[in-house]
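The values are calculated or read from the model by the stated rules, or taken from the named source; none is laboratory data. This is a predicted model, so every value here is computed, not measured. Reconstructed Cβ throughout: ideal geometry from the backbone, glycine too, with neighbour counts over all protein chains shown. The area values use the complete protein model at the heavy-atom level, side chains included, leaving out ligands, DNA and RNA. Shrake-Rupley method; radii C 1.70, N 1.55, O 1.52, S 1.80 Å.
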Amino acid sequence: MASKSSNKRVWIFVLSIAFLVIAVFAAQARTERNYRLSAAKHLTLTVDSISYRSSLTRVYGKFVGIPHTSQKLHGITIECKGKKYEANDIDGVDFDRWFQWEDDGLIPVEIDFPRTPSLHNAVMVISTEKGVDRCSLEKIK
């Protein structure tokens, strides 16, 4: 009987530690919404939200374009507080490859950057085959 009680305590302890670890990891990520990016000449990006994680900053957004036209993205850099953060991964399109807008003219993207401070007033530099855009990124209150 004592071993059953001991086993229950061990399982309760293990589950408690597991929930604590999950809570700590969940608290590490922070997502902010309501960002505005100034107009761009070559490639328009609308920012839906930015997720600040312990190892990276992920920007969720959409490339907006004319249906059935194409573009080639070379890279994206964020300039914030005197430092530059170059995108190291993107989902939705590929760096240095042509992509095309479908009928709705929207391409959802997730762009990963090294960990950054809060991007309340930053500049996003978008380099494409057709030119380079410098867009101001600001948090709307």
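Of all residues in the range 76-106 being aromatic (F, W, Y) and within 21 Å of L56 (Cβ to Cβ), which is modelled with the lowest pLDDT?
Once the filter is applied, the top-ranked residue is F95.
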Return yes or no: is V93 open to solvent by less than 50 Å² (accessible area, probe 1.4 Å) and over 12 Å from the mean Cα position of the chain (by Cα)? yes
Close pairs (8 angstrom Cβ cut-off, 6 or more residues apart or separate chains): in contact (Cβ under 8 Å) with a residue 60 or more places away in the chain in the range 47-74, loosely packed, with under 15 Cβ neighbours inside 10 Å and of a type in the set (D, E) anywhere: I50/E32; Y52/E32
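Could you check how many residues of the range 126-137 are under 21 Å from T57 (Cβ atoms) and surrounded by 16 or more Cβ atoms within 10 Å (Cβ to Cβ)? Working first, answer last.
From the range 126-137, those under 21 Å from T57 (Cβ atoms) are 126-127, 133-137; that's our starting set.
This time we only want the ones that are surrounded by 16 or more Cβ atoms within 10 Å (Cβ to Cβ), so: 126-127, 133, 135, 137.
Going through the range 126-137 one residue at a time, the tally reaches 5.
Could you go through the range 72-79 and let me know if any residue there is of a type in the set (S, T, Y) and either open to solvent by 50 Å² or more (accessible area, probe 1.4 Å) or farther than 24 Å from S54 by Cα (or both).
In the first step, residues of the range 72-79 are kept if they are of a type in the set (S, T, Y); the result is 77.
Filter once more, so that each one left must be either open to solvent by 50 Å² or more (accessible area, probe 1.4 Å) or farther than 24 Å from S54 by Cα (or both): none.
No, there is no match, as no residue in the range 72-79 is of a type in the set (S, T, Y) and either open to solvent by 50 Å² or more (accessible area, probe 1.4 Å) or farther than 24 Å from S54 by Cα (or both).
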Selected residue (criterion: farthest from D89 (Cα to Cα)) from residues of the range 120-141 that are at pLDDT below 85 and assigned to a loop (DSSP other than H, G, I, E, B): K141
Members of the range 80-90 that are open to solvent by 60 Å² or more (accessible area, probe 1.4 Å), touching a residue at least 24 places away in the same chain (Cβ under 8 Å) and within 13 Å of the chain's Cα centre (by Cα): E86, N88
For residues that are at pLDDT 90 or above and surrounded by 15 or more Cβ atoms within 10 Å (Cβ to Cβ), tally how many sit in the range 107-119. 6
Say we look at the range 47-66 and pick out the residues that are under 18 Å from L119 (Cα atoms) and surrounded by fewer than 13 Cβ atoms within 10 Å (Cβ to Cβ); which of these is modelled with the highest pLDDT? S55
